[in-house]
Amino acid sequence: MSTLTAVPVVNEIAHAVACEVRDGLTANPKTLSPWLFYDEAGSNLFEEITRLPEYYLTRTERQIFTDHADEIVEQARQGKCLAIVELGAGTATKTGILLRATLRGQSRVVYQPVDVSPSALEEARESLEASFPGLTVRPNVANYVTEPLVIDRPPSSRLLALYIGSSIGNFTPAEARGILRNLREQLIPGDALLLGTDLAPGEHKDEAALLDAYDDAAGVTAAFNRNILARINADLGADFDAETFRHRAVWNAEASRIEMHLESTTRQTVDIPANAACPALSLEFEEGETIHTENSYKFTEASIGELLGDCGFTSEKSFRDAKDLFAVTLARAI
Ligand code: AVI
């Protein structure tokens, strides 16, 4: 499943990997973009992460949907028929809860999942259409991060756009605004957005629990992080020894984000053969030098409101779990 969708379309992936690696690993400090996590092995590891006891995000958001689906849908539809769009839908496993609630109030629903992965979308279409009579799935293979969005508006319906799973958190504030503005261009005033965001540590959430979610005892997140190096070896013929890189998860309070890094445990050289995007590279790592692989931004009520306000939305209602770990915000296009 492709959860983070800042990924280029399939036939451009090999070239994009080469460009990303060339730019990121010759920068100082070294970085790699998190979309590189999601090859097949990485996508499977992410699925495993979502089931870990420490990784509360997925099950908490699912519980919020289970507890509030009818209210969310009623609030979004304001008496009209809803059509649903989802950014970065992947296999759309949590979306079924909202689709079921929508179908309780109208006999037919059009659902347009947007994702770069045609196979994930096809899987979603088959399983959702089989489970929900009255549902029409119109897969939209696109990269909503880099391309203008094109959304179909069924006649006289109100659109409800879903951007859930804390996916927005993996983008910088500027990128996040670019994504929501791209979406807003396709909406009209009165349409709705449901945004899932993980919350910053504070009164109810302690920093240690947040860090554990990104550094689990079983080492699955560490394997997920290191897999980025295995992917570069597989795709570009590099000679990373992933075992010589330590997984690091750090809370950056000033930026309100968890950062994931890979720290070289030794002084070493990594070679990447020449490819269409780049001449051969010989990369030097100092002992302790890191590659910054991911940011996962954490929000407050205020920062969610600010983000939405900057992109042409107003926050209407925030749905939370009992422990205030995660927020699902229903916003209106203005
Ligand atoms: C996909 N994304 C919302 C996850 C997150 O929590 O930022 C990716 C992840 N990285 C480490 N664990 C999970």
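The values are calculated or read from the model by the stated rules, or taken from the named source; none is laboratory data. This is a predicted model, so every value here is computed, not measured. Cβ atoms come from the backbone with ideal geometry, glycine included; neighbour counts cover every protein chain shown. When the accessible area is computed, the model is the full protein with side chains, heavy atoms only, and any ligands, DNA or RNA have been set aside. Shrake-Rupley method; radii C 1.70, N 1.55, O 1.52, S 1.80 Å.
Roughly what % of DSSP beta bridges within the chain run antiparallel, to the nearest 5? Intermediate results must be reported in sequence, preceding the final value.
Values: 35 of 57 bridges.
Within the chain, antiparallel bridges account for around 60 percent of the total.
Summarise the accessible area of region 113-240 (1.4 Å probe, protein heavy atoms) by the percent that is carbon and sulfur.
51
How fast does region 94-235 diffuse by Stokes-Einstein, in µm²/s, taking the Kirkwood radius from C-alpha pairs at 37 °C and 0.692 mPa s? Value of D from the Cα-based Kirkwood radius: 183 µm²/s. Computed over neighbours whose Cβ is under 14 Å from that of Thr146, the net charge equals -4, Lys and Arg +1, Asp and Glu -1. Rolling a 1.4 Å probe over the heavy atoms of the protein chains gives the chain an accessible area of 41 Å² per residue.
For Cα pairs less than 8 Å apart in space and 6+ apart in sequence, what is the mean separation divided by the residue count of the chain, i.e. the relative contact order in percent? Present the calculation step by step, with values, prior to reporting the outcome.
On the way: 655 pairs, mean separation 72.8, N = 334.
It comes to 22 percent, rounded to a whole number.
Pairs of C-alpha atoms in region 36-80 farther apart than 15 Å represent 60 percent of all such pairs. Under 5 Å from the amide H of Ala142 lie the amide H atoms of Asp115, Val116, each residue being 5 or more positions distant or on a separate chain, with H modelled from the backbone and absent for Pro and chain starts.
I'd like the orientation of helix 56-77 relative to the chain: the angle between its Cα long axis and the longest Cα principal axis, in ° from 0 to 90, rounded to 10. The answer is roughly 30 degrees. Using a simple spin-label model with pseudo-atoms 7 Å out from Cα toward Cβ, Glu284 and Ala27 lie 2.1 nm apart.
Remark: region 141-153, residue by residue, has Karplus-estimated 3J(HN,Hα) of 7, 7, 9, 6, 7, 10, 10, x, 6, 10, 10, 7, 10 Hz, where x stands for each Gly or Pro and the curve is 6.51 cos²θ - 1.76 cosθ + 1.60 at θ = phi - 60°.
Between Thr300 and Asp241, what's the calculated FRET efficiency when r is the beta-carbon distance and R0 is 30 Å? Round to 0.05. Computed FRET efficiency for Thr300 and Asp241: 0.15.
With viscosity set to 0.890 mPa s at 25 °C, what whole-number translational diffusion coefficient in µm²/s follows for the chain from Stokes-Einstein and a Kirkwood radius over Cα pairs?
Values: Rh = 20.7 Å.
Estimated via Stokes-Einstein, D reaches 119 µm²/s.
In angstrom, the C-alpha Rg and Dmax of region 169-307 are 18.7, 57. Need the list of lysines near Lys323 for cross-linking: C-alpha distance under 29 angstrom, and skip anything on the same chain fewer than eight residues off. Those lysines meeting the cut-off are Lys94, Lys205, Lys298.
Taking 0.36 nm per residue of separation and subtracting the Cα-Cα distance, what length does fully extending Arg181 through Asp70 add? Before the final figure, lay out the partial values.
On the way: separation 111, 0.36 × 111 = 39.96 nm, distance 2.72 nm.
Length gained between Arg181 and Asp70: 37.2 nm.
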